[in-house]
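What follows is a short report on a single structure.
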Ligand SMILES: [Zn+2]
Ligand SMILES: [Zn+2]
């Protein structure tokens, strides 16, 4: 029997369960229209979307997540694929991370108010009480909406980015090694998301350590990567024998129009063979995937 490995996969996108603007069903409808064979919805620090029944419309949905981690060279995000989304230790850790995230965003909102930004009371209440995963892009969109800044990029430059007036670093953030172990312990395959900056700035041994801890992939294909950065990331992936993953990191149509860090659903893809290889490395059997071919 030969394995059918035809088709493309977009392995990085966000739904309303984290800071994306579209419901999972709309993401899948777009994936279907784009002719994709598989997608992974990789919300920040939550697998909520994979805990419910999804009408995938013939597109294979790979359970996924994106964990935010801190390193001394800046943030690193760890993607997890094919993980057991009901794993108790995973869900427990994610709830802790959600609470950290709410606290951090609350402090950033306080700083914005102190800086004289006139945020809507309703927005602030909603942010503090929100059950799902929240992040800086939620605040950035609101800053654009109320006219405090003219675009997403300016929101990060002036307020929310590392050098911004309202920036608060992650409290009790997850270390990348812990994130890799968390994904692996729940049967998943870990891949470092959009790693170009860290490939440039961290010592060479950094990704080797992650690989030793069980990381199996590197997201070489990402809309924020320049051709030269793709080349540098590929060199690291090949050197460590890591799978090359990739995806659009879709968040919203507005971000996509501004160009840069995020693309539209299906705009960045990898071969379906990567999905199959990750499946082989994961602790899960293939029976759980909603395969519709
Ligand atoms: Zn990311
Ligand atoms: Zn992302």
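The values are calculated or read from the model by the stated rules, or taken from the named source; none is laboratory data. Bear in mind that the values here come from a model prediction, so they are computed numbers and not experimental data. FYI the Cβ positions are ideal-geometry reconstructions off the backbone, even for glycines, and counts take in every protein chain you see.
Some observations on this one:
- Some residue of segment 101-113 being more than 16 Å from ligand 2 (Cβ to nearest atom), surrounded by fewer than 18 Cβ atoms within 10 Å (Cβ to Cβ), under 25 Å from residue 219 (Cβ atoms) and under 22 Å from the mean Cα position of the chain (by Cα): no
- For segment 1-20, a residue qualifies if it is in a loop (DSSP other than H, G, I, E, B) and more than 16 Å from ligand 1 (Cβ to nearest atom), and the qualifying residues are 1, 2, 3, 4, 5, 6, 7, 16.
- Listed by first and then second residue, the pairs linking a residue in segment 44-57 that is at positive phi and within 15 Å of ligand 2 (Cβ to nearest atom) to a residue that is part of a loop (DSSP other than H, G, I, E, B) and modelled with pLDDT under 95, with Cβ atoms under 7 Å apart and 6 or more places separating them unless they lie on different chains, are 45/133.
- Just so you know, in segment 175-230 the residues that are more than 16 Å from residue 69 (Cα to Cα), within 16 Å of ligand 1 (Cβ to nearest atom) and free of Cβ contacts under 8 Å to residues at least 40 places away in the same chain include one that is surrounded by the fewest Cβ atoms within 10 Å (Cβ to Cβ), and it is 224.
- Against the test of being under 24 Å from residue 253 (Cβ atoms), more than 22 Å from the chain's Cα centre (by Cα) and without any contact (Cβ under 8 Å) to a residue 24 or more places away in the chain, the options 116, 161, 147, 129 yield a single qualifying residue, 147.
- The one condition in (1) within 16 Å of ligand 1 (Cβ to nearest atom); (2) in contact with a strand residue (DSSP E or B) (Cβ under 6 Å, 6 or more places away or on another chain); (3) over 21 Å from residue 266 (Cβ atoms) that residue 85 fails to fulfil: (1)
- Within segment 9-29, tally of residues that are buried (at least 19 other Cβ atoms within 10 Å of the Cβ) and either farther than 15 Å from residue 278 by Cα or away from ligand 2 (no atom under 15 Å from the Cβ) (or both): 12
- Only residues that are in contact with a helix residue (DSSP H, G or I) (Cβ under 8 Å, 6 or more places away or on another chain) and over 22 Å from residue 280 (Cα atoms) were counted across segment 71-87, and they come to 4.
- The single residue among 34, 48, 56 that is under 14 Å from the mean Cα position of the chain (by Cα), surrounded by fewer than 24 Cβ atoms within 10 Å (Cβ to Cβ) and more than 13 Å from ligand 1 (Cβ to nearest atom) turns out to be 48.
- Within segment 75-90, being more than 16 Å from the chain's Cα centre (by Cα) and either farther than 22 Å from residue 39 by Cα or within 16 Å of ligand 2 (Cβ to nearest atom) (or both) holds for 88, 89.
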